[in-house]
Amino acid sequence: MKKLTAAITMAIICFNFYFARAQKTYEPTWESLKQYECPEWFQDAKFGIYAHWGVYSTAKCPGTPDWYGHNMYVEGHPNNTFHVATYGAVDEFGYKDLVPLFTAPEFNADEWADLFVEAGARFAGPVGEHADGFAMWDSDVNPWNAVDKGPRRDIVAEMEKAIRKRGLKYVVSLHHSWLWGWFPVWDSNTDCADPANASFYGEKVPETAWQTKDSKNYYQVSPMPGADFERVWLEKVKEVVDGYSPDLLWFDNRIQILSEEVRRQMMAYAYNHAEKKQQEFVLTFKRPDFPLGTGTVDLERARMPEIYPEPWLTDNSVSNTSWTWSTDLECYTTNRLIDDLVDIVSKNGCLLLNVAPHPDGYIPETQKQRLREMGKWLKLNGEAIYESRPWLIYGEGPTETLKGHLADMKFKGFGDEDIRFTTRKGQLYAIAMGWPESGVLAIKSLGASFYNGKIEGVELIGSAADLKWKQNKNALEIELPETKPCEHAFVFRIK
């Protein structure tokens, strides 16, 4: 018995020694931060959901309320016209006065989390702080937070508990670098210039601190944020990291206005926290805010044109027009959302899909329907998505996706001839975006003159039909069964 106890003790010592040795330490240098490795769970997950919901939702206006806090002060902007007509002049009823209206009477974190699971998401969470400077967690550094004002609830904590209880990875997004110059603190015709409101609207800076354009249409910010703004920015990140240990910390762009020193400090702090927790952590960023290799690249309403060698993320919304609920919100079709997911995954990417909850805190039925339909499709066809990796090429077909920031807002979607490929554990999948009227799906990339390999069989997921097919010189031609197995993209196993 003593020998067994001694052996167990030694095993524990060796185990702890191994992990102590394996733990990385990150220094606030770009070279040290390039130790970052994107964890496998993220590469396997493929699909996540987050929610733009906060004070900006409460305006209950048409159009694009996600920038309401800024645009309500821009004379002539639709948000400004709506605000003056609905709430009054901006020097009498400012953005701060919307905070008491944000009470979230119907918010239920468990209901959100159940819906995200039904949708097939593998990671999910809330917007932690948007550009408006209102923190959705119990903050010590920010007096304008959801526990002390508005809902008087720790939204980030409630979502963490609900998401993790269901086995999903937890996401928090941060957009607070935009707060520099977001409100017109220079304009005495608004409530933002009143020093009594500085704790919310920020220190007094000139209009050029927001952004101006030079002769080449480049955006400029002057002056850049000083030490006080950077300190608070960093402390907010530390509060989220220490308090909630998100598995994925997502950052909006415009962080390049902060000094490289504070950016490096933030990354080192987050990575070292994850190491101590033995947590497989993901940090996403938009270029050029951080150097390649120090985190995982994220694109906003855009996608890679080809297979990217490293895992990457794109964030898009259920709506082409807004990130936030509005009175006239229009949503993408389920077919478009599934096609986008398939295209992104074929290029080694993951999709973070935004939903836009109602100001009261519930997710509207139109959005629920799309998420449930995505989940139904993933339940049938998920083997070609989850844990998949890119093939030799991402796909074929006439449709070219657009390039550049926000390019998806102008993209019209895919057609019947577009096909994407994925692989999983040696199995090749061909995912057809459409169901050809001819009754024959022709996959040119698997024709005998393009692909030097023997095809032994073809199956259509969800169909019991014995498919007829032939590989000729120009294509692998598959005769489609009379009945479709689902309503959207169709997945073929190529043996």
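The values are calculated or read from the model by the stated rules, or taken from the named source; none is laboratory data. It should be emphasised that the depicted structure is a prediction, and the values quoted were computed from it without experimental measurement. Here the Cβ positions follow ideal geometry from the backbone for every residue, glycine too, while neighbour counts run over all protein chains shown. Just the protein is used for accessible areas: all its heavy atoms, side chains included, with ligands, DNA and RNA removed. Shrake-Rupley method; radii C 1.70, N 1.55, O 1.52, S 1.80 Å.
Tell me which trypsin sites (Lys or Arg not before Pro) from the range 268-348 have a DSSP coil assignment and no more than 12 other beta carbons within 10 Å of their own.
Hits after loop and neighbour filter: Lys277.
Using unit Cβ charges (K, R positive; D, E negative) and no other charged atoms, how large, in debye to the nearest 20, is the dipole of the range 238-379 about its Cα centre?
Working: 17 positive and 22 negative charges, 43 e Å.
Dipole magnitude for the range 238-379 comes out near 200 debye.
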Dimensions (Å) - the range 66-146, Cα atoms, principal axes, largest first
43, 31, 22
Under the Karplus relation with 6.51, -1.76 and 1.60 and θ = phi - 60°, whole-Hz ³J(HN,Hα) for the range 179-187, x at Gly and Pro, equal 5, 5, x, 4, 9, x, 5, 8, 9
Hey, with R₀ at 35 Å, roughly what FRET efficiency would Ala465 and Thr29 work out to, going by the Cβ-Cβ distance, to 0.05?
0.05
In degrees, nearest 10, range 0 to 90: what is the angle between the Cα axis of helix 365-381 and the longest Cα principal axis of the chain?
30
State which entries of Lys376/Lys425; Lys368/Lys410; Lys34/Lys276; Lys425/Lys495; Lys169/Lys277 exceed 21 angstrom in Cα-Cα distance in the structure shown.
Lys376/Lys425; Lys368/Lys410
Tell me the mean residue ellipticity at 222 nm calculated for the chain from its helices only (DSSP H runs of n ≥ 4, each -39500 (n - 2.57), averaged over every residue, nearest 500).
-8500 deg cm²/dmol
I want the local charge near Val458. Using Cβ-Cβ distances under 14 Å, sum +1 for each Lys or Arg and -1 for each Asp or Glu among the other residues.
0
Between Gln427 and His77, the two model label points (7 Å from Cα along the beta-carbon direction) sit apart by a distance in nm of 4.9
Going Cα to Cα from Lys60, which lysines come in below 16 Å? Please leave out same-chain ones fewer than 8 positions away.
Lys96
So what are the ³J(HN,Hα) numbers for the range 52-66, from phi and the Karplus equation (6.51, -1.76, 1.60; θ = phi - 60°), rounded to whole Hz, Gly and Pro as x?
7, 8, x, 4, 4, 5, 5, 4, 6, 10, x, x, 10, x, 4
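Taking the DSSP beta bridges in the chain as the whole, what percent of them are antiparallel, to the nearest 5?
On the way: 28 of 60 bridges.
Rounded to the nearest five, the antiparallel share is 45 percent.
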Estimated FRET transfer efficiency when R0 is 25 angstrom, pair Ala89-Ala198 (beta carbons, to 0.05):
0.80
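Report in % the part of the accessible area of the chain that belongs to carbon and sulfur, leaving out ligands and nucleic acids; probe 1.4 Å. Display every interim value, and only then the final one.
Numbers: 11000 of 22060 Å².
Solvent-exposed carbon and sulfur of the chain make up 50 percent of the total.
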Span per principal axis, largest first, for the Cα atoms of the range 85-234 (Å)
49, 37, 32
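If R₀ is 51 angstrom, what is the calculated FRET efficiency for the pair Glu118 and Glu417, using the beta carbon separation as r and rounding to 0.05? Mind showing how you got there, number by number?
On the way: r = 32 Å, r/R0 = 0.62.
With R0 = 51 Å, the Cβ-Cβ based efficiency is 0.95.
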Angle between the chain longest axis and helix 260-276 axis [Cα atoms, degrees, rounded to 10]:
60
Backbone HN-Hα couplings from phi across the range 150-157 [Karplus 6.51/-1.76/1.60, Hz, Gly and Pro as x]
x, x, 6, 9, 8, 5, 4, 5
Kindly report the accessible area of the range 105-151 per residue (heavy atoms of protein chains, probe 1.4 Å, no ligands, DNA or RNA), in Å².
31
List the aspartates and glutamates whose Cα sits under 16 Å from the Cα of Lys165, skipping any in the same chain fewer than 8 residues away.
Asp110, Glu111, Asp114, Glu118, Asp247
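Probe of 1.4 angstrom, ligands and nucleic acids ignored: what's the accessible area per residue over the range 347-495, in square angstrom?
Numbers: 7410 Å² over 149 residues.
Heavy-atom accessible area per residue stands at 50 Å².
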Amide H neighbours of Leu299 under 5 Å, at least 5 residues apart or on other chains, H built in the peptide plane: list them.
Leu313, Thr314, Asp315
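Taking N as the number of residues in the range 76-122, what value does Rg over Cα atoms divided by 2.2 N^0.38 Å take?
On the way: Rg = 17.2 Å, N = 47, 2.2 N^0.38 = 9.5 Å.
So the range 76-122 has a normalised radius of gyration of 1.81.
Cross-link list Lys24/Lys238; Lys213/Lys286; Lys46/Lys238; Lys46/Lys403; Lys412/Lys468: which exceed 25 angstrom alpha carbon to alpha carbon? Walk me through the intermediate numbers first.
Working: Lys24/Lys238 19 Å; Lys213/Lys286 21 Å; Lys46/Lys238 27 Å; Lys46/Lys403 21 Å; Lys412/Lys468 33 Å.
Correct reply: Lys46/Lys238; Lys412/Lys468.
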